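Each remark here refers to the structure printed beneath this line.
The values are calculated or read from the model by the stated rules, or taken from the named source; none is laboratory data. Predicted model, so just to flag it, every value in this text is computed and none were measured. Using ideal geometry, Cβ is built from the backbone for each residue, glycine included, and neighbour counts are taken over all protein chains shown. The area values use the complete protein model at the heavy-atom level, side chains included, leaving out ligands, DNA and RNA. Shrake-Rupley method; radii C 1.70, N 1.55, O 1.52, S 1.80 Å.
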Amino acid sequence: QVQLVESGGGLVQPGGSLRLSCVSSGRFFNRYTMGWYRQAPGKAGELVATMTSDGTKQYSDSVRGRFTISRDDAKNTMYLEMNNLKPEDTADYYCQGVILGKDYWGQGTQVTVSS
């Protein structure tokens, strides 16, 4: 059973930065496509960033240029560096791992951007 655990959320002022982490307990982490998904109250969910096992990255238009996804396969960990945060980035952020058609999710970490 794969477990994903996010951390790093919190309260930050507009223009600030946060780094989210997602640690996997499963094997073969380096073969997973990993992603960050966010859900804000009253809004549709959004896949904000993904990174394949070969290092290909994709971002949603809303975060491109501000967020950076990365991974350290030796540590079974994925990161989301979030800069120039805006109030509209406020959401619960979830880590997703996909391999062989199966996906796994973390429990989420809350990010609040407010002055």
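Rounded to the nearest 20, the Cβ-based charge dipole of the range 33-75 about its Cα centre (Lys and Arg +1, Asp and Glu -1) stands at 180 debye. Surface composition of the chain: carbon and sulfur atoms hold 47% of the protein heavy-atom accessible area at a 1.4 Å probe. Listed by chain and number, the lysines whose alpha-carbon sits under 28 Å from that of Lys75, ignoring those within fewer than 8 places in the same chain, are Lys57, Lys102.
The P(r) of the range 1-42 has a tail past 15 Å containing 57 percent of all C-alpha pairs. For Lys43, the aspartates and glutamates whose Cα comes closer than 14 Å to its Cα, not counting residues fewer than 8 places off in the same chain, are Glu88, Asp89, Asp92.
The alpha-carbon atoms of the range 8-115 define a convex hull whose volume equals 96 cubic angstrom per residue. Highest mobility in the GNM of the chain, judged by mean-square fluctuation with C-alpha springs under 10 Å and restricted to Gly65, Gly101, Gly15, is found for Gly101. Computed from point charges on the beta carbon alone (+1 for Lys and Arg, -1 for Asp and Glu), the dipole magnitude for the chain about its Cα centre is near 140 Debye. Per residue, the chain exposes 54 Å² of accessible surface when a 1.4 Å probe is rolled over the protein heavy atoms with every protein chain present.
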